[in-house]
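Working notes, beginning with the structure itself.
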Amino acid sequence: MGEGLKVAVVGATGAVGNMMIKVLEERNFPVKQLKLLASKRSAGRKLQFRNSEIEVQELTESSFDDVELALFSAGASVSRKFAPIAASKGCVVVDNSSAFRMEPDVPLVVPEVNPYALKHHKKIIANPNCSTIQMVVALKPLQDAAGIKRIIVTTFQAVSGTGQKAIFELEEQVKAWVHGKQLEPKVYPHQIAFNCLPHIGSFLDNGYSEEEMKMVNETRKIFEDNSIQVSATTVRVPVFYGHSESINVELKNPLTPDDVRDLLEKAPGVRVIDDPGSFKYPLPLDVAGSDITFVGRIRKDISVDNGIAMWVVADNIRKGAATNAVQIAEILQKESLI
Ligand code: A2P
């Protein structure tokens, strides 16, 4: 495969893993050799990369003996077990799971926001939660310009974030509904088709869900600012691709909606679509397939001094997971941090 790194994708048959392969190819990441890893169930399956078909192998402790960079997306328990094994063999891991995100020694990185955090990595780097990534990309210019005091966010999250099985479940429930039938939910505790579930991850003692607390803790870690107050409500909605977020942010210093529009128009990885009178605002159906974070409905939050309200949409499998991981890998490679 020419010059480059020996790369592995762990969870290659999953929704995010598959996209990682695609994004490595699209962005022409320098791959010398690509190893595709998944569970025993998928061993022998073939997946396309560039002009060749690569056979999926079962993930084992020796999988990383000849790998320099591993992108993990096979869930937290797989990462907990195998990422340290990979790292001990000298492989640099970019982990999409929640396993290591809050470890003080593990950089939690969104390239548009805190690329400098990669400098002193100790072989494991965490990719933030999909909902956190798009929120901090959109809020970074506001944090820099005016300082953030408090964030109230409600998410509308696509089923692809749960994985391949959930995409299938929504499809099957919609088909069944059309034929006047109802299917027993398997992935979610309730039917997801034509419904909204205010429940992502387990509920904690404080009444918030795990997903909601990820948004609180990860935002503070990425901005390196524990004074930022965050309250999140995360909701699963019957959308295949693209998370949407309603964000109300209270700033330390005033910014007008026009200031915010100007800042966001100049911000890396952001596009403003904000002409509601002409029906123009970001929509998940439109942003699916893009690596950009889209912002619209920018207005003054009239309930508080220095408040701004906005609507933020991004492809959760791409910018929220696979693309962010590959962007991290690009920095590591370019800055000789692998
Ligand atoms: P497999 O397809 O063999 O089950 P998704 O998030 O879309 O459900 O994908 C999860 C990914 O993680 C899949 O590639 C899946 O492989 C992989 N995976 C799940 N459990 C394991 C495991 N114990 N070892 C290796 N890969 C795993």
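The values are calculated or read from the model by the stated rules, or taken from the named source; none is laboratory data. Nothing here was measured: the structure is a model prediction, and the numbers come from that model. Heads up, the Cβs are rebuilt from the backbone with ideal geometry, glycines too, and the neighbour counts pull from every protein chain shown. Please note that ligands, DNA and RNA were not included when accessible areas were found on the heavy atoms of the full protein model with its side chains. Shrake-Rupley method; radii C 1.70, N 1.55, O 1.52, S 1.80 Å.
Modelled spin labels at ASN195 and LYS300, positioned 7 Å past Cα toward Cβ, are 4.2 nm from each other. Length gained on full extension, ASN217 to SER62, computed as 0.36 nm times the residue gap minus the Cα-Cα distance: 52.4 nm. Rounded to the nearest 20, the Cβ-based charge dipole of the chain about its Cα centre (Lys and Arg +1, Asp and Glu -1) stands at 520 debye. Shown in residue order for segment 264-271 are the 3J(HN,Hα) couplings computed by the Karplus curve 6.51 cos²θ - 1.76 cosθ + 1.60 at θ = phi - 60°: 6, 5, 8, 6, x, x, 10, 10 Hz (x for Gly and Pro). Reducing segment 274-294 and segment 1-64 to their Cα centroids gives an inter-centroid distance of 31 Å. At full extension, LEU337 and ALA176 could sit 52.9 nm farther apart than now, given 0.36 nm per residue minus the alpha carbon distance. The alpha carbon gyration tensor of the chain gives principal lengths a ≥ b ≥ c with a/c of 1.5 or higher and a/b no greater than b/c, which makes the shape oblate.
Which listed residue (ILE148, PRO104, GLN164) has the Cα farthest towards the positive end of the charge dipole for segment 90-182, taking +1 on Lys and Arg C-beta and -1 on Asp and Glu C-beta about the Cα centre? Going by the charge dipole, the pick is ILE148. Mind listing the long-range amide H neighbours of LEU337? Cut-off is under 5 Å, sequence gap 5 or more, other chains count too, H placed in the peptide plane at 1.01 Å from N. Result for LEU337 returns nothing.
Among the protein heavy atoms of the chain, carbon and sulfur supply 50% of the accessible surface, probe 1.4 Å, non-protein parts ignored.
So which of LYS46/LYS175; LYS32/LYS81; LYS119/LYS221 end up more than 18 Å apart by C-alpha? Those over the limit are LYS46/LYS175; LYS32/LYS81. Within the shell of other residues whose beta carbon sits under 14 angstrom from the beta carbon of ILE152, the net charge comes to -2, with Lys and Arg scored +1 and Asp and Glu -1. The relative contact order of segment 146-204 comes to 22 percent, based on Cα pairs under 8 Å that sit 6 or more residues apart.
A Förster radius of 25 Å, combined with the Cβ-Cβ distance separating LEU204 from ALA76, puts the computed FRET efficiency at roughly 0.95.
How much mean residue ellipticity at 222 nm does the chain get from its helices, if each DSSP H run of length 4 or more adds -39500 (n - 2.57) and you divide by all residues, to the nearest 500 deg cm²/dmol? The per-residue figure over the chain is -9000 deg cm²/dmol. Return the lysines within reach of LYS252: Cα separation strictly under 17 angstrom, same-chain partners fewer than 8 residues apart disregarded; answer none if there are no such residues. Straight-line reach from LYS252, under 17 Å: LYS140, LYS149, LYS300. Evaluated with a Cβ-only charge set (Lys, Arg +1; Asp, Glu -1), segment 60-124 carries a dipole of roughly 180 debye about its Cα centre, given to the nearest 20.
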